[in-house]
Amino acid sequence: MTNPIEPIDPTPDLPHAVAVTWGVAELPHRGPKRELTTEQIVEAAIQLADAEGLEAVSMGKVAAAVGVAPMSLYRYVTGKDGLLLLMYDTASEVTVPGAGSTWRERLREWAMFVRAAYDAHPWLADLPPSSTPTTPNRLAIIEAGLAALEGVPAPDRMKLPTLRLLLGYIALYSKASSDAAVDEDVRRALPELVTDERFPLLAPAVRAGAFQSNDVDDGSGFGFGLSRLFDGIERWLERNEPDEPLERLPASILDDKQVREAGKVVEEARARLRQAEAKAADAVARAAERLQAVEARNEAAEARAAAKADLRAAKAEAKAAKRGDPRD
C-alpha cells in the first residue's frame with residue numbers, strides 16, 4: 001500500500017478507501033496528533049482475519065488490537081467497508097517472477113502465485129474478484145496475467161475474460177477446498193445422509209471417503225482443473241473461430257413452475273432409467289452365472305468322460321500287457 005505523502009485530491013469522487021490505495025487521499029477526519037497509521041490498522045485487521053476469519057473483523061476488535069478506542073479508527077478509515085477494501089488490496093500484493101518460456105508455463109506460474117496469496121489469506125475467497133478491479137494491487141495481478149499472455153495470438157479483448165475466468169477459478173477453488181466451516185459430526189454423518197435413492201451417483205463416492213477431511217492438499221486437484229482450463233484455451237486458440245454468444249437466462253427462471261415441474265419429470269425419468277439399468281445389469285449377471293454353471297457342468301462331464309476313457313485305455317493296456325507276460 002502506498003503511504004500518502006501530501007494531501008492531494010485530483011479525483012474527488014473516489015471512495016476514500018480506494019483513494020487511500022492510490023495514495024491520493026486525505027485522512028477522513030482532522031483531530032489530535034495521530035499515533036497510528038492506516039497501514040498499521042490494516043495490518044492488524046489482516047492478522048485478525050488470518051487467525052479467525054473475515055467474520056471476526058470488527059472495528060472494535062481491530063481497535064483493541066492496535067490499542068485505541070474504536071472511534072479513533074474513524075480518523076483513518078471511514079468504516080468497515082473501507083477497511084475491508086484496504087485489507088483486500090494489501091493482501092493481494094503478488095509479485096510474479098515471469099520465468100516461463102511458454103504462455104502455459106507463464107500463466108501457470110501466475111496462477112500459482114495468485115493462489116499462494118489465497119493460501120496465505122483464506123478470507124480473500126470471501127471477497128471474490130470483481131469484473132472491474134479498482135485498487136493498485138488487484139490491477140497489478142491483471143497486469144501480470146496480461147504479461148503472461150503477451151504474444152499469444154488472441155484478441156486483446158479476449159484476454160481479460162480469460163484472466164477473470166482463472167481468477168474466479170482460483171478464488172472458488174480456494175473456497176470450495178476449505179473445510180474450516182464444516183462440522184465434523186456432519187461430515188461423519190454424510191455416508192448415512194447421502195443415500196443411493198437420493199444421490200445414486202454421488203453416494204458411492206461419499207461412502208468411499210470422497211469428503212473425508214484432508215489436511216494435506218498436494219495440489220493435484222487444483223492443478224488438474226487449471227490444466228483443463230488451459231487445454232480449453234489452447235483448443236480455442238487452435239480453432240480460431242468466434243464463439244456464439246451464450247444466452248443469459250433470467251434469474252426468475254429458477255422459480256418458474258413449469259420449469260420446476262419439467263425438472264422433476266426428468267429426474268423421475270432418470271430414476272426409472274437407473275432402476276431399469278440396475279435390473280438389466282442384474283439380469284446379465286444372473287445369465288452369466290447360469291452360463292458359467294452350464295459351462296462348468298459341461299466341463300465336468302467332459303472331464304468325467306475323459307477320465308472314463310483314460311480308465312478304459314489303462315485297463316486295455318493292462319490286459320494286453322498281461323496277455324504278453326511270459327509267465328502266463
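Looking across ALA91, ALA140, ALA117, ALA111, one residue alone is more than 26 Å from GLU244 (Cβ to Cβ), of a type in the set (A, V, I, L, M, F, W, C), surrounded by 17 or more Cβ atoms within 10 Å (Cβ to Cβ) and without any contact (Cβ under 8 Å) to a residue 40 or more places away in the chain. It is ALA117. Taking ARG235 as the residue in question, decide whether it is part of a helix (DSSP H, G or I), under 27 Å from SER130 (Cβ atoms), open to solvent by 60 Å² or more (accessible area, probe 1.4 Å) and at pLDDT 90 or above. So ARG235 fails the test. Of all the numbered requirements in (1) assigned to a helix (DSSP H, G or I); (2) without any contact (Cβ under 8 Å) to a residue 24 or more places away in the chain; (3) over 23 Å from GLY53 (Cβ atoms), SER72 misses one, and that requirement is (2).
Report yes if THR37 is open to solvent by 30 Å² or more (accessible area, probe 1.4 Å) and more than 27 Å from ILE170 (Cβ to Cβ), otherwise no.
Details: open to solvent by 30 Å² or more (accessible area, probe 1.4 Å): yes; more than 27 Å from ILE170 (Cβ to Cβ): yes.
In short, yes.
Results for (1) under 19 Å from SER227 (Cα atoms); (2) assigned to a helix (DSSP H, G or I); (3) without any contact (Cβ under 8 Å) to a residue 40 or more places away in the chain, shown as yes or no for each residue.
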{"site": "ALA63", "(1), (2), (3)": "no, yes, yes"}
{"site": "LEU85", "(1), (2), (3)": "no, yes, no"}
{"site": "SER101", "(1), (2), (3)": "yes, no, yes"}
{"site": "LEU107", "(1), (2), (3)": "yes, yes, no"}
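When you go through PRO204, PRO191 one by one, which is the residue that is touching a Lys or Arg at 6+ places or on another chain (Cβ under 7 Å), in a helix (DSSP H, G or I) and over 30 Å from ILE142 (Cα atoms)? Don't jump to the end; show me each part of the working.
Numbers: PRO204 fails: touching a Lys or Arg at 6+ places or on another chain (Cβ under 7 Å).
Among PRO204, PRO191, only PRO191 is touching a Lys or Arg at 6+ places or on another chain (Cβ under 7 Å), in a helix (DSSP H, G or I) and over 30 Å from ILE142 (Cα atoms).
Based on what the data block shows, is LEU254 in a helix (DSSP H, G or I), of a type outside the set (Gly, Ala, Ser), surrounded by 10 or more Cβ atoms within 10 Å (Cβ to Cβ) and modelled with pLDDT under 85?
yes
Where the second residue is charged (D, E, K, R) and not in a loop (DSSP other than H, G, I, E, B) and the first is surrounded by 16 or more Cβ atoms within 10 Å (Cβ to Cβ) and lies in region 148-164, which pairs have Cβ atoms under 7 Å and are six or more apart or on separate chains? From region 148-164, the pairs are ALA148/ARG106; LEU149/LYS159.
The values are calculated or read from the model by the stated rules, or taken from the named source; none is laboratory data. Everything quoted here is computed from the prediction, not taken from an experiment. We place every Cβ from the backbone using ideal geometry, glycine too, and count neighbours over all the protein chains shown. Each accessible area value is taken on the protein alone, full model and side chains, heavy atoms only, with ligands, DNA and RNA left out. Shrake-Rupley method; radii C 1.70, N 1.55, O 1.52, S 1.80 Å.
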